[in-house]
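Read the structure below first, then the notes.
The values are calculated or read from the model by the stated rules, or taken from the named source; none is laboratory data. Keep in mind the model is a prediction, meaning the values are calculated, not measured. Methodologically, a virtual Cβ is constructed for each residue, glycine included, from the backbone with ideal geometry; neighbour enumeration extends over all protein chains shown.
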Amino acid sequence: MTDESGEDSKEPIVEDRLLEHEEESDEKLMERLSKKKVGELFEGVEKLLSGLQTMEGKMERMERKFEKALSATKNEKRKSKSKAKAEESDEDSNLSFSGIFARQRGNNESDDDDSESSDSEDDSDEKHSGNLRKFLGTEFKHVNPIRGSHYSGTKAKEKAKKEKRKSMLYSEVKRSDSMFSNSKENNMLRMQPSFDHIKLEKLNIPAVIRFFRQLSEYQEKYKISLRAGPLMDKKVIDHMLADNEIHQWEYHEFYQLGRTEIYQLLQNALKPTTMKAFEKNLVAYLDFGLPPNFVPSVTNFRHLFRALISYRTAFMELYDFMSWENKRNVPPCTNKPGGLIKIFISKIVPASLGENIVQGMKRLSKYTRIEDFLDAFYDAVSSAQKKCTNKPS
């Protein structure tokens, strides 16, 4: 009885404890779940905050890049505006002709590295001619190298020759500009000799060479430099500027140009555009200076020698004028039809003289420059002249 009652009395207590234990486990479980959720929530918030900070950093970097790009765009716009204004200012100040040099220099090539700066005459001339030099090249360039005393195949000597030799006529033209500048500082009252005979009335190469020769002769004789522009016929000026694709200008502004600028404009207008035209001009404009029926002898060889010397000068004047920035249209230095050597000897009187001298010269192929050929040719002429003068008459 007792045992059975004892057992009956103990069973409810165990069940109560189990229930309490189960209740406590549920509470702990809920607590743990709550803590876990809160932790996860905090982690999510932290990730969200971290993502927001990262996004904010990216936004700041993007904003800085945008500001830089915007600043660069503004700078480029300012530069382009200032450049456009400068170009407009240049066009307005170019010889004071509006848009004087809106031209295309498509086929004009600079054929040589040698250059010679064009001197300004005074502040006024610099204003009028500065941009003209830009149009024609900041420096006056020649394709004509120096006439060497002896032919050499080395590149160094060839380069040295090119650096030394300049166009004879252009040197005189440039000297005239320098004298005009100096004459302004030494003005004196005196009667100026007449220069009515100095006038450029035709636009062709011999007339241009003669015109600048007369200007130089007058200057050297009287120590007075003349402006070239006012001594040119208006039709010549019109045609010359048209050939240079200069469309808007005024005479009084053109007259402010120095001789070097005008000489360069004339060269650009008259230089031949093909090898055939180059050959045609040489043949048409060259004159040997002796009648076709001239017969050389020991007694009259001096006349022939003088004519040969003058002929070389005339040939090189034409060659220099036409070959400026025009190397591609210069005929080759050969004794074949159309070659410079063939053209040169074709005008010599008597006709057999030039051919005989050339036949006595060895290896014509080594003369790639006309200046080298002429040096050798005139060495042979000088030798013949000495032989003739040493012979008793």
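Miscellaneous remarks
- Flag if G289 is modelled with pLDDT under 95 and closer than 30 Å to F305 by Cα: yes
- The C-beta contact set for the range 291-314 (first residue surrounded by 14 or more Cβ atoms within 10 Å (Cβ to Cβ), second residue of a type in the set (K, R), distance under 9 angstrom, 6+ apart or interchain) comprises Y311/K347.
- Here R227 meets each of (1) within 24 Å of E317 (Cα to Cα); (2) assigned to a helix (DSSP H, G or I) with one exception, condition (2).
- Residue under evaluation W324, criteria (1) more than 28 Å from V208 (Cα to Cα); (2) within 31 Å of the chain's Cα centre (by Cα); (3) of a type in the set (F, W, Y), criterion not met: (1)
- Inter-residue pairs, beta-carbon under 6 Å, first within 25 Å of E172 (Cβ to Cβ) and in the range 240-259, second of a type in the set (D, E), 6+ apart: G258/E121; G258/D125; G258/D177; R259/D177
- Scanning the range 7-55 for residues that are among the polar types (S, T, N, Q) and at pLDDT below 70 turns up S9, S25.
- Restricting the range 203-224 to residues that are at pLDDT 95 or above and in a loop (DSSP other than H, G, I, E, B), the residue that is nearest to Q256 (Cα to Cα): L203
- Looking only at the range 327-368, and only at residues there that are surrounded by fewer than 20 Cβ atoms within 10 Å (Cβ to Cβ) and in contact with a Cys (Cβ under 8 Å, 6 or more places away or on another chain), the one that is nearest to R210 (Cα to Cα): G339
Yes/no matrix, rows are residues, columns are (1) of a type in the set (A, V, I, L, M); (2) modelled with pLDDT of 95 or more; (3) farther than 24 Å from A207 by Cβ:
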residue: W249; (1), (2), (3): no, no, no
residue: G258; (1), (2), (3): no, no, no
residue: L266; (1), (2), (3): yes, yes, no
residue: T273; (1), (2), (3): no, yes, no
residue: R302; (1), (2), (3): no, no, yes
residue: F321; (1), (2), (3): no, yes, no
residue: V330; (1), (2), (3): yes, yes, no
residue: M361; (1), (2), (3): yes, no, yes
